[in-house]
Amino acid sequence: MKDRYLWIGLFIVVCSILGNSLYFQSKQLEQPIFLNHYYETYAQHESPLTFYYLSNISEPVEVSYVTIDGVTFQPSIHNVFTMWTNDPYIPNYEQKFTHHYLQSVTLQFPVQDIPYAGKDGIWTFNEMRVTFTNGQTIDATIGEVKVINTLNDTDALVERRASTDNYNKSNYLSVLKPITINSITIPFSEEVSKNVLTRIMLDPKVINNPPTSQDFPFWYKDKFDIEPNENNVYVSNANLYPIHLERDDWIKLYTTFNPDHKSYFEFYIKLHGTTNDGETFEYNVLIGERVYLTQQDVNEIIAEKQGGHKK
Amino acid sequence: MKIDDAFLKIFWGFLLVWIDIRIMIDILADPIGFYLIYSGIRSIVSKIPIGKKAEVLAILLVIFSIPTVLTSEPTAPVSGVTFSEWNWYFTILNIAVLILIFYMFQIINEITKQSGNQAFHKRAFRIGVIYFIVMFITQISSTFAINLLLESLMPIALILLIAGIIMHIVFLVLLDEVRKLKIELD
């Protein structure tokens, strides 16, 4: 038994320890990274919004409070710490990756605290200053959030059913009064519309000139089968409007998300139209979509967000 | 000095090092185990000069292992990986123990050679080789643990753990067998 073999073996072990330590260090985030969220909410609903961030698995952190446009908000769910327990801190996390946790913070925006800017009564923000329980404070870009002051709804339409199947959402609406729909819009047009396709299904008698060709985004062609004009479902675009609907007619919305998207969505699809009395209205259909991240998604998000910081 | 007294001490020494019974502190303290090993080796080192390295390392380990009386090796924490000074301490301690066992095999090798029992000499040598292959694989794998998901590592970790325990037992049995040789060193 020659000493040489021992030292060769130990040299390899030491190299492996150092190599793995360096690789581990290189994967550590300097600060937690917030994902992109495209959220739209009505102030009077006071519905909480959940924001997601990546933290180091060796150093998970909870959000202590956030400051947006000078207003401080506390997370609506606090981790309960008891004084007498010796239990180690167990982080609350949504998903676990090799070097990172996906953690979340849920915030509520009470009506009286919301600083509205501009005449449209919409408070929009893209950043928040987040302070964590370890004292670290960061300015995080979080996508885009719109808090809308007043909800203009109509009694001309009513949502009967909503269902979700993976990346597909469908919403079934009934018409209560004769109306004309002039357009269907989704908010955050640039970022969101790249990853969302809205289609509508109508009774054949409603459509006089069904469009012969339809314009699908590339990711949709990539991921889903396209059957031309299947079951009277049409991609929502300007050629389709106006649509006249009588009482007891129906309209079905199909919303499909790009399966490769890496953001969180919660927004309203808006149906803009007029009633036969000449009144304009908009009807809101709530759409929510969460992402289930893979390790590759996480790597890409970190590369994108950290690349962005250096610029 | 008879070899059987020396190997009885060494046997109990390794047993104390590997068995942790904690009642507030490690009552089967590692430093005592290393001292027994040191004391056993010292009594035969004059006849077996190759044991000098093991003797020096064992007495160093008596001092170096004192913190283990109060601290246990950190198991994988719930919050994932911690990269504390204690991890480094136990990494160094484990490697030092591995070196000590390598030197022990050198002593055993020397004794079995002198005993003239060729079959036993060969077997002891083979056990040493297998022991170090298993420990080498274990050490290498454990260095990758921080960069892999804990869950994905479980099956291989379990296999290596069992293989490690078996090899420890085989090593202890070998120490006992050397003791039973009851040979007098010239």
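Values for this structure:
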item: Out of A:189, A:170, A:183, A:163, sole residue that is modelled with pLDDT under 80 and within 26 Å of the chain's Cα centre (by Cα); result: A:189
item: Sole residue being in contact with a strand residue (DSSP E or B) (Cβ under 6 Å, 6 or more places away or on another chain) and over 29 Å from residue A:283 (Cα atoms), chosen from A:141, A:124; result: A:141
item: Any hit, the stretch A:2-21, residues being over 30 Å from residue B:100 (Cα atoms) and part of a loop (DSSP other than H, G, I, E, B); result: no
item: Matching residues, the stretch A:193-229, being surrounded by 12 or more Cβ atoms within 10 Å (Cβ to Cβ), part of a helix (DSSP H, G or I) and modelled with pLDDT under 80; result: A:193, A:223
item: Which numbered condition residue A:138 fails, given (1) assigned by TED's automatic domain parsing to the domain that holds residue A:251; (2) in a strand (DSSP E or B); (3) out of contact with any Gly (no Cβ under 9 Å at 6 or more places or on another chain); result: (1)
item: Filter result for residue A:61 (in the same structural domain as residue A:140 (by TED's automatic domain parsing), aliphatic (A, V, I, L, M), modelled with pLDDT of 85 or more and part of a loop (DSSP other than H, G, I, E, B)); result: yes
item: Filter result (within 17 Å of residue A:144 (Cβ to Cβ), in contact with a helix residue (DSSP H, G or I) (Cβ under 8 Å, 6 or more places away or on another chain) and part of a strand (DSSP E or B)) within the stretch A:243-298; result: A:263, A:265, A:267
item: So residue A:82, is it at pLDDT 90 or above, surrounded by fewer than 18 Cβ atoms within 10 Å (Cβ to Cβ) and more than 30 Å from residue B:90 (Cβ to Cβ); result: no
item: Residue list for the stretch B:104-148, restricted to those being away from chain A (no Cβ under 12 Å), free of Cβ contacts under 8 Å to residues at least 12 places away in the same chain and assigned to a loop (DSSP other than H, G, I, E, B); result: B:116
item: All positions within the stretch B:102-128 that are touching a Gly at 6+ places or on another chain (Cβ under 9 Å) and surrounded by fewer than 21 Cβ atoms within 10 Å (Cβ to Cβ); result: B:106, B:109, B:110
item: Conditions (1) buried (at least 17 other Cβ atoms within 10 Å of the Cβ); (2) at pLDDT 90 or above: number failed by residue A:106; result: (1)
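Let's see how each residue does on (1) surrounded by fewer than 18 Cβ atoms within 10 Å (Cβ to Cβ); (2) more than 8 Å from chain B (Cβ to nearest Cβ); (3) among the aromatic types (Phe, Trp, Tyr):
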site: A:4; (1), (2), (3): yes, yes, no
site: A:13; (1), (2), (3): no, no, no
site: A:17; (1), (2), (3): no, no, no
site: A:39; (1), (2), (3): no, yes, yes
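Yes/no per residue for (1) surrounded by 15 or more Cβ atoms within 10 Å (Cβ to Cβ); (2) under 13 Å from the mean Cα position of the chain (by Cα); (3) not assigned by TED's automatic domain parsing to the domain that holds residue A:42:
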| site | (1), (2), (3) |
| --- | --- |
| A:255 | yes, no, yes |
| A:263 | yes, yes, yes |
| A:269 | yes, no, yes |
| A:279 | no, no, yes |
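The values are calculated or read from the model by the stated rules, or taken from the named source; none is laboratory data. This structure is a prediction, so every number in the text was calculated from the model and none was measured. Please note: Cβ atoms are built from the backbone with ideal geometry, for glycine as well, and neighbour counts cover all protein chains shown.
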